[in-house]
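Asks: Have a look at the structure that comes next, please.
The values are calculated or read from the model by the stated rules, or taken from the named source; none is laboratory data. All of these numbers come straight from a predicted model, not from anything done at the bench. When we count neighbours, we look across all protein chains shown, and the Cβ atoms used for this are built from the backbone with ideal geometry, even at glycine. Calculation scope for accessible area: heavy atoms of the full protein, side chains included, ligands and nucleic acids excluded. Shrake-Rupley method; radii C 1.70, N 1.55, O 1.52, S 1.80 Å.
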Amino acid sequence: MTLRFTPSILVRTIAVSWAVAILGIVTFAMSVEPQHRRALLNAVDSKAQIMGRSIRDVASSALVVEDYGAVVEHCMNIVEGGGDVPFIVITRNDGFSLVQTAKGWTTSQLDGEWRPSTGRIASGAIRQTSVWPGEVYLRSEPLDYSGIEWGWIHMGMSLRDYDAERLALRNRTYVIAGLAILVGLCASIVMGRRLTTPIVRL
């Protein structure tokens with residue numbers, strides 16, 4: 001009777017300890033991914049802020065007097081500079097917009113997301129837009145000059161590096177988690193044998 005019961009104790013001990021190890025590994029992996037995602041988005045947003053400052057410096061005085069040439073040239077140099085910024089949209093409060101993409105620039109009458117109604121607060125989020133196929137990180141910030149609330153600067157930031165980094169992290173996490181689970185199994189077997197050996201002797 002003892003011989004039939006002892007293997008059951010050993011198996012259960014190993015299973016419980018291994019399940020605890022797997023739960024800890026999975027919990028850790030799930031907590032790391034959101035933090036890494038936020039860090040990557042913060043990096044994209046920081047780059048967008050730098051772009052926004054350069055555009056605002058060029059645009060502030062020129063747009064008030066409706067001299068769009070310098071603004072368009074500066075924005076086109078950015079969107080044609082390697083694909084990190086697929087588009088830039090500068091929208092006036094009445095909806096009149098300068099739309100710059102790698103294919104060229106145009107004027108358009110835009111509404112909705114291009115004229116935020118939540119106050120003049122900078123914001124950023126991953127979304128799809130009407131001026132570019134696919135998702136981008138859209139950074140929107142108010143464009144003010146000498147107390148004049150002129151409109152908004154919208155920058156679509158490419159998610160190419162962001163997606164590549166997330167994929168690399170996911171792959172590394174899977175490999176490390178797999179190795180940790182195997183180590184956890186070995187440790188569970190050793191622990192199970194040590195715990196059940198005294199029972200077997202009794």
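Asks: Is there a residue in the stretch 142-153 that is modelled with pLDDT of 90 or more, touching a His at 6+ places or on another chain (Cβ under 9 Å) and on the phi < 0 side of the Ramachandran plot? Reasoning before the result, please.
Replies: As a first pass, look at the stretch 142-153 and keep what is modelled with pLDDT of 90 or more: 142, 152-153.
Next, from what is left, pick out any that are touching a His at 6+ places or on another chain (Cβ under 9 Å): none.
No, the stretch 142-153 contains no residue that is modelled with pLDDT of 90 or more, touching a His at 6+ places or on another chain (Cβ under 9 Å) and on the phi < 0 side of the Ramachandran plot.
Asks: Go through the stretch 40-84 and report how many residues are free of Cβ contacts under 8 Å to residues at least 12 places away in the same chain and either open to solvent by less than 50 Å² (accessible area, probe 1.4 Å) or outside any helix (DSSP H, G or I) (or both).
Replies: 7
Asks: Further question on the same structure: Can you name every residue in the stretch 150-167 that is in contact with a strand residue (DSSP E or B) (Cβ under 6 Å, 6 or more places away or on another chain) and charged (D, E, K, R)?
Replies: none
Asks: Continuing with this model, one more query. So which residues in the stretch 85-106 are on the phi > 0 side of the Ramachandran plot and open to solvent by 10 Å² or more (accessible area, probe 1.4 Å), if there are any at all?
Replies: Applying the first criterion (on the phi > 0 side of the Ramachandran plot) to the stretch 85-106 yields 95, 104.
Once the filter is applied, which keeps residues that are on the phi > 0 side of the Ramachandran plot and open to solvent by 10 Å² or more (accessible area, probe 1.4 Å), the stretch 85-106 yields only Gly104.
Asks: May I pose another question? Test Arg53 against the stated conditions and say whether it is out of contact with any Leu (no Cβ under 6 Å at 6 or more places or on another chain), under 19 Å from Trp150 (Cβ atoms) and among the basic types (Lys, Arg).
Replies: On the way: out of contact with any Leu (no Cβ under 6 Å at 6 or more places or on another chain): yes; under 19 Å from Trp150 (Cβ atoms): yes; among the basic types (Lys, Arg): yes.
The answer is yes for Arg53.
Asks: Right, something else. Residue check, Ala125 against (1) assigned to a loop (DSSP other than H, G, I, E, B); (2) open to solvent by less than 40 Å² (accessible area, probe 1.4 Å), all met but one. Which one?
Replies: Here Ala125 meets the rest and fails (1).
Asks: Further question: Can you work out which of the residues in the stretch 139-165 that are in a strand (DSSP E or B) and open to solvent by 70 Å² or more (accessible area, probe 1.4 Å) is nearest to Ser108 (Cα to Cα)?
Replies: Keep residues of the stretch 139-165 that are in a strand (DSSP E or B), which gives 139-145, 148-157.
Retained after the next criterion (residues that are open to solvent by 70 Å² or more (accessible area, probe 1.4 Å)): 145, 148-149.
Details: Tyr145: 22, Ile148: 22, Glu149: 19 Å.
Ranking the candidates gives Glu149 first.
Asks: Tally time: how many residues in the stretch 85-113 are assigned to a helix (DSSP H, G or I) and within 18 Å of Ser60 (Cα to Cα)? Lay out the reasoning, then the answer.
Replies: Keep residues of the stretch 85-113 that are assigned to a helix (DSSP H, G or I), which gives 112-113.
Keeping just the survivors that are within 18 Å of Ser60 (Cα to Cα) gives none.
Of the residues in the stretch 85-113, 0 are assigned to a helix (DSSP H, G or I) and within 18 Å of Ser60 (Cα to Cα).
Asks: Any residue at all in the stretch 168-180 that is surrounded by 15 or more Cβ atoms within 10 Å (Cβ to Cβ) and touching a Leu at 6+ places or on another chain (Cβ under 9 Å)? Give the steps one after another, and end with the answer.
Replies: First, pick out the residues of the stretch 168-180 that are surrounded by 15 or more Cβ atoms within 10 Å (Cβ to Cβ): 169, 173, 177, 180.
Going one step further and asking which of them are touching a Leu at 6+ places or on another chain (Cβ under 9 Å), we end up with 169.
Within the stretch 168-180, one or more residues are surrounded by 15 or more Cβ atoms within 10 Å (Cβ to Cβ) and touching a Leu at 6+ places or on another chain (Cβ under 9 Å).
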